Each structure stands twice: as C-alpha cells, then as structure tokens.
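Student: Take this structure, written in structure tokens, and hold onto it; I'll ask about it next.
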Amino acid sequence: MGQLIAVAVITVLAVISPGADFAMTVRNSYLYGRTAGVLAAVGIAAGVLVHVTYTMLGVGLLVSRTPMLFTAMKLIGAAYLVYIGYKTFVAKATRVDVDQAGEAGLSKAGALRTGFLTNALNPKTMLFVLSTYTQVVSADTPLVQQVGYGLFMSFAHLVWFGLAAVFFSNTGLRTRLLRKQAVLNKVIGSVLVGLGMVLALTPAVA
C-alpha cells in the first residue's frame, strides 16, 4: 500500500510541474484546436511508456550511469525543443476559423508526434520514471505490479494534459488567445527554446 501511495504522489507532482509537455499542449490546443491538443496529450502519455519500457528492461539504469549516452539523449531532446520553439517563435499570425475539430496547419499524425517526441526525448521524464522505479520496485515486486505503475504514470499524463487541451481549446478562450497569436507564439516559442537551452546546459547528473 505504501508503494502505491508513493508512486501516486510522485507521479502527480511530476505531471503537474510546468515543463515542455505543458507548453506543447497549450501550443497545439490554442493554435490548432481540441483534436490537436488531445492528440498531443496522447503522444505525451505514449512517450512516458517509452521510458517505462526501457527502465523495466534495465536500459534506463545503464543510460543514467553512462555520461556519454545520457548527454547525447539530453542534447537530442534539447535540440528538439529549441527547434519547435524557434518554429513557433517565428511563425506568422494567421487567421484561423475557430472550431473544435480545427486541424488547420497540423495533421493528426503531426499533433501526436509533437507530444510523443516531447516526452520520449525528455531526460526529465526519464529521470522521473527511473527514480520512481528504483525507489518503489524491488526484486520481489511482481511484473504485473511494475507494469501497473507504468500504466498509471502514462494515464496520469493523459488525464492532466487532456484536460489542459480541452481547457485551452475552449472556443471562447481560444478565440481570445488567437487574437493575441503573434505575442503568444513568441512567448510559447521563447519558453520552449529556454527549456531547451536550460536542458542543454544543465550538467548531466543522473
């Protein structure tokens, strides 16, 4: 019971802490609509499962204890955030017809991919999953229970960012946000680039 509570508390705190995944969800939701925002949330949840899978296989521990591998992963993730941030920052404001299914400018696959890569390439998510498993999982922990932890982590991300997508794609709010599109693009772009730069410059301590 104590392990379950620990996983739940750690997961909730990790999910609600601001980061690139939240910025990406907001970006997709207000620019491209509810479908794009929700698909980004699905991608983010799927990205968590990538970390869960290789952590359970023992690869995560290897990566965290191998500075070169960890640094390479960190730089790839940082480069992705800087790229998306730059594209958002320089994007020109365009007229968008607000509708809940609006997908203009971003395909369903593209929306899913942005969310997935944001978390699959995120060392912060990797360390969250790895540290959680090393704290609550032992040799005696049943495989089904380990899988359950991972599914819960993924589901928690899906719920939180799905709710964020629904909120920021609300017709009234989205209309107001789109009127400030030029400013918001620069704010969100700057946040993503900033997160990428911080990630790249932070010492690789696992």
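Student: Pairs only if they're at least six apart or on different chains, beta carbon under 8 angstrom, first in the range 192-203 and more than 13 Å from P123 (Cα to Cα), second of a type outside the set (A, V, I, L, M, F, W, C) and in a helix (DSSP H, G or I); list them, first residue then second.
Tutor: L192/R27; L192/G85; L192/T88; V193/G85; V193/Y86; G194/G85
Student: Here is a follow-up. Name every residue in the range 126-152 that is open to solvent by 10 Å² or more (accessible area, probe 1.4 Å) and under 18 Å from M24 (Cβ atoms), in order of residue number.
Tutor: F128
Student: Which of (1) at pLDDT below 90; (2) closer than 14 Å to A8 by Cβ; (3) over 16 Å from the mean Cα position of the chain (by Cα) does G148 not meet, given it meets every other one?
Tutor: That leaves (1) as the condition not met.
Student: Across the range 4-21, which residue is least open to solvent (accessible area, probe 1.4 Å) among those that are in a helix (DSSP H, G or I) and out of contact with any helix residue (DSSP H, G or I) (no Cβ under 6 Å at 6 or more places or on another chain)?
Tutor: So, considering only residues that are in a helix (DSSP H, G or I) and out of contact with any helix residue (DSSP H, G or I) (no Cβ under 6 Å at 6 or more places or on another chain), the one least open to solvent (accessible area, probe 1.4 Å) is A8.
Student: Does A41 meet the test of being closer than 15 Å to T125 by Cβ and buried (at least 24 other Cβ atoms within 10 Å of the Cβ)?
Tutor: So A41 fits the description; yes.
Student: Can I ask one more? So which of G60, G47 ends up being open to solvent by less than 10 Å² (accessible area, probe 1.4 Å) and modelled with pLDDT under 85?
Tutor: G60
Student: Tell me whether the range 125-142 contains one or more residues that are within 21 Å of G189 (Cα to Cα) and either β-branched (V, I, T) or under 18 Å from the mean Cα position of the chain (by Cα) (or both).
Tutor: yes
Student: Starting from the range 22-34, keep only residues that are part of a helix (DSSP H, G or I), then list their pairs with residues that are open to solvent by 10 Å² or more (accessible area, probe 1.4 Å) and among the acidic types (D, E) whose Cβ atoms are within a distance under 8 Å, requiring at least 6 positions of separation or different chains.
Tutor: Going by the 8 Å Cβ cut-off, the qualifying pairs are Y32/E103.
Student: Hey, any hits in the range 173-183 for a residue that's more than 15 Å from the chain's Cα centre (by Cα), small (G, A, S), modelled with pLDDT under 90 and open to solvent by 40 Å² or more (accessible area, probe 1.4 Å)?
Tutor: Among the residues of the range 173-183, at least one is more than 15 Å from the chain's Cα centre (by Cα), small (G, A, S), modelled with pLDDT under 90 and open to solvent by 40 Å² or more (accessible area, probe 1.4 Å), which makes the answer yes.
Student: Kindly evaluate A93 against the criterion of being modelled with pLDDT under 90, in a loop (DSSP other than H, G, I, E, B) and in contact with a helix residue (DSSP H, G or I) (Cβ under 7 Å, 6 or more places away or on another chain).
Tutor: Considered against the rule, which asks whether it is modelled with pLDDT under 90, in a loop (DSSP other than H, G, I, E, B) and in contact with a helix residue (DSSP H, G or I) (Cβ under 7 Å, 6 or more places away or on another chain), A93 comes out as yes.
Student: Does F168 satisfy the condition of being in contact with a Lys or Arg (Cβ under 8 Å, 6 or more places away or on another chain) and either modelled with pLDDT of 85 or more or aromatic (F, W, Y) (or both)?
Tutor: Criteria met by F168.
Student: Tell me which of these F155 doesn't satisfy, since it passes every other one: (1) open to solvent by less than 10 Å² (accessible area, probe 1.4 Å); (2) modelled with pLDDT of 85 or more; (3) more than 21 Å from I84 (Cβ to Cβ).
Tutor: Result: F155 fails condition (1) only.
Student: For residues that are aliphatic (A, V, I, L, M) and open to solvent by less than 10 Å² (accessible area, probe 1.4 Å), scanning just the range 24-38, find the one that is farthest from the chain's Cα centre (by Cα).
Tutor: Taking the candidates together, the pick is A36.
Student: If I go through the range 71-94 residue by residue, how many of them are under 10 Å from G196 (Cα atoms) and either open to solvent by 70 Å² or more (accessible area, probe 1.4 Å) or free of Cβ contacts under 8 Å to residues at least 60 places away in the same chain (or both)?
Tutor: Result for the range 71-94: 3.
The values are calculated or read from the model by the stated rules, or taken from the named source; none is laboratory data. The structure presented is a predicted model; accordingly, all values stated were derived computationally and were not measured. Don't worry about glycine lacking a Cβ; one is built from the backbone with ideal geometry, like all the others, and counts go over all protein chains shown. Side chains included, ligands, DNA and RNA excluded: accessible areas come from the protein's heavy atoms. Shrake-Rupley method; radii C 1.70, N 1.55, O 1.52, S 1.80 Å.
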